[in-house]
Amino acid sequence: MVATRLKYNLTTGTHILDLSKDLSAYHRRMHRQKKIYTVYGGFIRNNAGTSARFNVAPLTWQSKAAVNRAFKIWRKMIHETLKDREGLTTGKWNDFKILLNDASSGTIASSKDAQGNNLSPGEWDYSTLTQPQLVPTGNGEMAFDDNADQWEICICGPHTGAAPNYSRVSAIQSWVDSRPAPNSGGEPTNIPNSLDPLSNMFDVEDNDNEKIVIIESEGDLPPYSRTAPYGLNPGALAPVGIADNDASANTTALGSSVHGFQALCGLVQVVVLADSGTCELFIDVESQGESF
């Protein structure tokens, strides 16, 4: 375990922590974002009556599959662009970087030093995908538009904008839209229950037709929505903790504890409520993220 303590100064409102960005600035080496980062815990120093809520992308197989798919498409875009262009290369520090949710998700916070200065992250650009557009030329033919559609990628929520003018594309929404349509057979058929008690279930033998219908119909659909995974709806982040100072508490107290959690791609939404000034957040982050 190699933990790094990061400090943030947060005001009332919604903030996004990008832990890989701040770990890179702290250690002066690239910490890849496409990992699962563990926050062991911490504390928040704030005024009495203040609460801070911590939300992350749902840590499910579907979320991870959606991010992996977006990563592979981004990597393929770069490979296909460079393969026929001798001498053209990517930047030394070019790496896949994704956002948490839509454009209104909050400001990206920066970790601070003891004096309240930002730990300068250097260049930290979120990955942009480019899709050329075909437009009619007026003589019955099609040609590539000079203004290709370009967008950044986020994990949760719906797309922002629409073709050919996306401003942000959701990895989860795109993953859902790329899946084959579910079988339209409908919900399992409800069969009336027998009035016999359990102890008499096997007193009479029959052709088992009714039992076959039950066995074939029950459990033939998954216990989750096949078309709306967790994280698809607007604002559908996973709550992982809250730090709450009682309004009657002494404002000179140490503050409220932050419980541990894991964050997909190291992205954390912190919503600070009812604070009259700046609160100080300290968290201990595992420096080595977990690959997925």
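Taking other C-beta atoms within 10 Å as the exposure proxy, 88, 19 rank 88, 19 from fewest upward. Remark: for residue pairs 7/76; 7/83; 72/112; 7/72; 92/112, the C-alpha separation exceeds 31 Å in 7/76; 7/83; 72/112; 7/72.
Sorted fewest first by neighbouring Cβ atoms within 10 angstrom, 77, 30 come out as 30, 77.
Beta carbons within 10 angstrom, averaged per residue: use that to sort the peptides 158-169, 278-289, highest first.
Order by mean packing, descending: 278-289, 158-169.
With q set to 0.22 Å⁻¹, the log10 of I(q)/I(0) for the range 56-96, from the Debye formula over equal scatterers at the Cα positions, is -0.76.
By count of other Cβ within 10 Å, fewest leading, how are 107, 50 ordered?
Starting with the residue having the fewest Cβ neighbours, the order is 107, 50.
For residue 115 and residue 80, what is the calculated FRET efficiency with R₀ set at 51 Å and r taken between the beta-carbons, to the nearest 0.05? List each step's numbers first, then the result.
Working: r = 46 Å, r/R0 = 0.91.
For residue 115 and residue 80, the calculated efficiency is 0.65.
By definition, a body whose alpha carbon gyration tensor gives a ≥ b ≥ c is prolate when a/c is 1.5 or more and a/b is larger than b/c, and the range 1-128 fits this prolate description.
No value in this document is a laboratory result; all are computed from the given coordinates. All values reported here derive from a predicted model rather than from experimental measurement. Note that each Cβ is placed from the backbone with ideal geometry, even for glycine, and that neighbours are counted across all protein chains shown.
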